[in-house]
Structures are given as C-alpha cells and as structure tokens.
Amino acid sequence: MIRKATKEDILDIVLLAQELWPHHSKEDLTNEFLAYLDDSQVRIFLGYEEGLLVGFIVCQLRKEYVEGAASCPVAYIEGIYVKKEYRLTGISKKLLLKTQD
C-alpha cells in the first residue's frame, strides 16, 4: 500500500530517514520533514508491506534550475528509501508511480 504522509507519521518517517541519512540528527530530520509536510510544493509518500512502513519518497516541485531538466518547473526527487529487506519487491516503483498522481 502507498499513501500520502501526514504530520502524524513524522516519527516513523524520521526513523526511516535516519537509515538513509545517518549523519543527520533526529532533530534536524524532524524539522526538515515537518517543513516538507507544510510545503504545498512537496509530497511525501509512504510505502507499506504487510502493514509495516518500509519506504518513503520525497518529491518537490522545483521552480529554479535543475541540472538535466529541459524546462521549469520540474518534479525533483529529494530522497527515496526502501528498507534493505524489502528491496527488489517493487515498492520503489510504486512510490515513484504515486508521485505522478
């Protein structure tokens, strides 16, 4: 199952984000993801398998230049992560496809 994240998900998102960005503090990631959740140009989607949160994607509509983009605005993936044991199961593809909704 894939669904849009809400502020109620912040603790779970931060735990996964720490796996992707271990050099960032829990406090910094919490602040960053809360800002993302307040930003109308950002979408965070969560991926679940068997009721467990196993991945996320952060996609932002950027209006400034993005290397490799031919036009603006452009959708930009700020981060995508799937727990190691759930990789190669199609979760990341489902997360990517959800950003197109």
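With the simple model of a label 7 Å out from the Cα in the direction of the Cβ, residue 7 to residue 89 spans 3.1 nm. Near the amide H of residue 5, within less than 5 Å, lie the amide hydrogens of 44, 45, 46, all on another chain or at least 5 residues away, with H placed in the peptide plane. With the charge dipole of the chain set up from +1 on Lys and Arg Cβ and -1 on Asp and Glu Cβ about the Cα centre, the Cα lying farthest toward the positive end among the listed residues 53, 20, 69 is that of 69.
How many times 2.2 N^0.38 Å is the alpha carbon radius of gyration of the chain? Walk me through the numbers on the way to the answer.
On the way: Rg = 13.5 Å, N = 101, 2.2 N^0.38 = 12.7 Å.
Against the compact-globule rule of thumb, the ratio is 1.06.
Placing +1 on the Cβ of every Lys and Arg and -1 on the Cβ of every Asp and Glu, with nothing else charged, gives region 54-99 a dipole about its Cα centre of roughly 260 debye.
For region 2-101, with only Lys/Arg (+1) and Asp/Glu (-1) charged at the beta-carbon, what is the dipole magnitude about the Cα centre, in debye rounded to 20? Walk me through the intermediate numbers first.
Working: 13 positive and 16 negative charges, 83 e Å.
Once rounded to the nearest 20, the dipole reads 400 debye.
Here r is the Cβ-Cβ distance between residue 100 and residue 25 and R0 is 25 Å; the resulting FRET efficiency, rounded to 0.05, is 0.15. A Förster distance of 22 Å, applied to the separation of the beta-carbon atoms of residue 49 and residue 69, puts the FRET efficiency at 0.10. On a per residue basis, the chain carries 64 Å² of accessible surface, using protein heavy atoms and a 1.4 Å probe.
At a Cα cut-off below 30 Å, give the lysines reachable from residue 63, other chains included and same-chain residues fewer than 8 away excluded. Here the lysines satisfying the reach criterion relative to residue 63 are 4, 7, 26, 93, 94, 98. Angle between the Cα long axis of helix 10-20 and the longest principal axis of the chain, 0 to 90 degrees, nearest 10? The answer is roughly 80 degrees.
The values are calculated or read from the model by the stated rules, or taken from the named source; none is laboratory data. Quick caveat: nothing in here was measured; it's all calculated off a predicted structure. Note that each Cβ is placed from the backbone with ideal geometry, even for glycine, and that neighbours are counted across all protein chains shown. To get the accessible areas, we keep the full protein, side chains included, count just its heavy atoms, and leave off ligands, DNA and RNA. Shrake-Rupley method; radii C 1.70, N 1.55, O 1.52, S 1.80 Å.
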